[in-house]
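Rule-based calculations on the coordinates, nothing more; no lab input. What you see is a predicted model; the values in this text were computed from it and never measured. Please note: Cβ atoms are built from the backbone with ideal geometry, for glycine as well, and neighbour counts cover all protein chains shown.
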Amino acid sequence: MAILDITNNEEYKNILRGNKVLVIYSASFCKPCKEIYPYMLELSETYKDIIFIKVDIQKCEDIEDINSILSIPHFRFINNTQEICSFTGANRSLIIESIEKLRLSDIVLGL
């Protein structure tokens, strides 16, 4: 599976509804964002039960404001519009740990 580029708030909200989603907030000027992206592509191939989306904060300012993203890269792990966890920084082990939390979140949320 690829990483979907989200371009507007309506598209963003529609994807979150009823899905497990990993949101990657980034920008073209962000070096750590560029460095972590190939790894995120690999993960999107491994974890096919999760939809991976990328939000460029320069192109989607309405989404940035909604979620109060202050620093990038920022990652949000969402199950059916409910945030399971989030963090800032390109920490590979924390990404994997958070993916596992997201995958188990149906049990925690009672879904």
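Of the residues screened, Glu83 is one that is out of contact with any Ser or Thr (no Cβ under 6 Å at 6 or more places or on another chain) and free of Cβ contacts under 8 Å to residues at least 24 places away in the same chain. Which members of region 7-29 meet the condition of being under 18 Å from Phe75 (Cβ atoms) and either among the polar types (S, T, N, Q) or crowded, with 19+ Cβ neighbours inside 10 Å (or both)? Within region 7-29, Tyr12, Leu16, Asn19, Lys20, Val21, Leu22, Val23, Ile24, Tyr25, Ser26, Ser28 qualify. Applying the condition of being touching a Phe, Trp or Tyr at 6+ places or on another chain (Cβ under 9 Å) and polar (S, T, N, Q) to region 25-66 and asking which residue is nearest to Asn91 (Cα to Cα) yields Ser26. Those residues that are over 20 Å from Ala2 (Cβ atoms), among the hydrophobic types (A, V, I, L, M, F, W, C), touching a strand residue (DSSP E or B) at 6+ places or on another chain (Cβ under 7 Å) and not in a strand (DSSP E or B), I need them from region 68-107; list them, please. Ile69, Ile72, Leu94, listed by residue number.
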